[in-house]
Amino acid sequence: MNSGQKVQEQNNEKTIEFGRWLFAQTCTFVIGAAKMEDLPEAKQTEVAFAGRSNVGKSSLINALINQKNLARTSNTPGRTQQVNFFNLGKLLTIADLPGYGYARAPRETVRQWTDFVGDYLQSRVQLRRACLLIDGRHGIKESDREVMKMLDKNAVSYQIIITKSDKIKPVQLENLLSKTITEVASHVAAHPELIATSSVKGTGIVPLRATLAALTTER
Ligand code: GDP
């Protein structure tokens, strides 16, 4: 092992430890915002979670903050779509975006979803990254592509997070990852690294915490 590698490993260990520490801080619900005027003051680094309805977003947020029921599925059709904000200690704000793609045409849902959520994503100076959740069983769908295009267009940095990886075989996961990496490479605002997670098994939670925690120290 050369000294460069050692430094890298120490950095990784430090980041993992920082992620563990950060996500052990008290997480509190701030507000459910349905319009721009409701948005909380942007005081700290923010990350947003987006994905199709039922992708496993609430489960993943709850797994990250190690609580059972803080984030809830808020996608009941007909209910006002809102962005739920949570503060993790005094360092990170988590924005839980409404799910999209629920039994409608991809373009139409994304257009509706885009109204307020799009304004939020484009205007939020504190927002460092949007985690775009993709169900491991389905891969990237048309509605996800519409959202990716919107994020690219507005230069919102985003990262693909695979969910429910426990539901597919390792070889299927490998195939999905390589296919997704290839697709992501053509998207200008997409982060090149993917993280595969399972909220049920706890897979990928430690690296995702580390990745998000590291964003709080970037200026
Ligand atoms: P949301 O609508 O995106 O917030 O999705 P939820 O977190 O409510 O999850 C939707 C469904 O998928 C629920 O029945 C969860 O129990 C299930 N689910 C979520 N994450 C996982 C996972 O990692 N593995 C498995 N097997 N099921 C999951």
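Where a number appears in this text, it was derived from the coordinates with a stated rule and is not lab data. Treat the numbers as computed from the prediction; the structure is a model and nothing was measured. When we count neighbours, we look across all protein chains shown, and the Cβ atoms used for this are built from the backbone with ideal geometry, even at glycine.
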Exercise. Only residues that are more than 16 Å from the ligand (Cβ to nearest atom) and within 23 Å of GLY99 (Cβ to Cβ): list them for segment 146-176, please.
Key: GLU146, MET148, LYS149, MET150, LEU151, ASP152, LYS153, ASN154, VAL156, SER157, TYR158, GLN159
Quiz item: In segment 167-203, what count of residues is obtained for those that are more than 17 Å from the chain's Cα centre (by Cα), in a helix (DSSP H, G or I) and without any contact (Cβ under 8 Å) to a residue 40 or more places away in the chain?
Solution: 9
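Could you tell me which residue of segment 177-203 is nearest to the ligand (Cβ to nearest atom), considering only residues that are closer than 21 Å to MET148 by Cα and hydroxyl-bearing (Ser, Thr, Tyr)?
Step one: of segment 177-203, the residues closer than 21 Å to MET148 by Cα are 177-197.
Subsequent filtering for residues that are hydroxyl-bearing (Ser, Thr, Tyr) retains 178, 180, 182, 186, 197.
Working: SER178: 21, THR180: 17, THR182: 24, SER186: 26, THR197: 7 Å.
Ranking the qualifying residues of segment 177-203, first place goes to THR197.
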Quiz item: If a residue has to be within 16 Å of the ligand (Cβ to nearest atom) and either among the aromatic types (Phe, Trp, Tyr) or not in a loop (DSSP other than H, G, I, E, B) (or both) to count, how many in segment 204-219 make the cut?
Solution: 5
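Say we look at segment 17-60 and pick out the residues that are in a helix (DSSP H, G or I) and under 18 Å from the mean Cα position of the chain (by Cα); which of these is farthest from the ligand (Cβ to nearest atom)?
Here is the first cut: in segment 17-60, the residues in a helix (DSSP H, G or I) are 17-22, 36-38, 57-60.
Filter again for under 18 Å from the mean Cα position of the chain (by Cα), leaving 19-20, 22, 57-60.
Details: GLY19: 19, ARG20: 20, LEU22: 21, LYS57: 3, SER58: 3, SER59: 3, LEU60: 7 Å.
Checked segment 17-60; the qualifying residue farthest from the ligand (Cβ to nearest atom) is LEU22.
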Quiz item: Which members of segment 119-161 meet the condition of being closer than 12 Å to ALA50 by Cα and either assigned to a helix (DSSP H, G or I) or free of Cβ contacts under 8 Å to residues at least 24 places away in the same chain (or both)?
Solution: LEU121, SER143, ASP144, VAL147, MET148, LEU151
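Restricting attention to segment 130-153, which residues are of a type in the set (D, E, K, R) and crowded, with 18+ Cβ neighbours inside 10 Å?
Quick first cut of segment 130-153, residues of a type in the set (D, E, K, R) only: 135, 137, 141-142, 144-146, 149, 152-153.
Matches in segment 130-153: ASP135, ASP144, GLU146.
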